[in-house]
1. Positive end of the charge dipole of region 39-167 (Lys, Arg +1 and Asp, Glu -1 on Cβ, about the Cα centre): tell me which of L143, I52, S106 has its Cα farthest that way.
2. Calculate the dipole size of region 38-136 relative to its Cα centre from +1 charges on Lys and Arg beta carbons and -1 charges on Asp and Glu beta carbons; express the result in debye to the nearest 20.
3. Express the carbon and sulfur contribution to the solvent-accessible surface of region 53-167 as a percent, rounded to the nearest whole number, probe 1.4 angstrom.
Amino acid sequence: MVGGGYAGGTPGFQNMNIEETEGSGLFPGLPEEDPLPDGRVRELPVAVLAYIGDAVFELYVRLHMVRNETGPARNLHRRTIGLVRASGQARSARHLMEMLTEEERSVFRRGRNHPAPHVPRSADPVDYRNATGLEALIGHLYLRGQAKRLETLMERILASAREESPT
């Protein structure tokens with residue numbers, strides 16, 4: 001197992017092989033090209049991109065935690081929540097802005113500017129909008145099959161989180 005630990009003593013979990021396959025990173029099932037016919041990814045509503053991006057972001061963070069952290073699952077969960085909630089995603093978006101291409105910035109802005117039906121009481125409205133922008137970008141990259149770029153951005157997010165963490 002990468003990272004040398006397991007999540008809190010679940011029998012057999014320490015022997016679970018979650019190694020990445022060569023060249024596939026954390027997304028071995030990611031298609032090499034647009035999985036939707038005729039490049040429809042660009043036509044998808046931003047809410048759909050954010051919906052997919054939210055799931056991809058959380059899965060990536062959870063897999064990272066299992067690979068690289070040790071301790072009980074509740075501790076892994078707490079650390080994951082710190083990254084996947086709106087404030088954590090907004091902070092992550094700020095760390096990425098200078099490395100985004102113009103197309104990626106455009107997708108981010110579309111997500112950020114999309115009117116949210118409601119903002120959770122626990123979230124700052126500005127953070128929530130920036131988090132939606134990040135989720136839309138991640139969904140866009142995932143659905144376009146841009147695994148290498150997606151991994152580059154996610155690794156930057158996780159590296160920034162490690163730098164900020166009071167370990």
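The values are calculated or read from the model by the stated rules, or taken from the named source; none is laboratory data. Bear in mind the structure is a predicted one, so any value in this text is a computation, not a measurement. With ideal geometry, Cβ positions are generated from the backbone for all residues, glycine too; neighbour counts draw on all protein chains shown. Ligands, DNA and RNA are stripped out before the accessible areas are found, and what is left, the full protein with its side chains, is counted by its heavy atoms. Shrake-Rupley method; radii C 1.70, N 1.55, O 1.52, S 1.80 Å.
1. Of L143, I52, S106, it is I52.
2. With only Lys, Arg, Asp and Glu charged at Cβ, the dipole is about 400 debye.
3. Roughly 53 percent of what the probe reaches on region 53-167 is carbon or sulfur.
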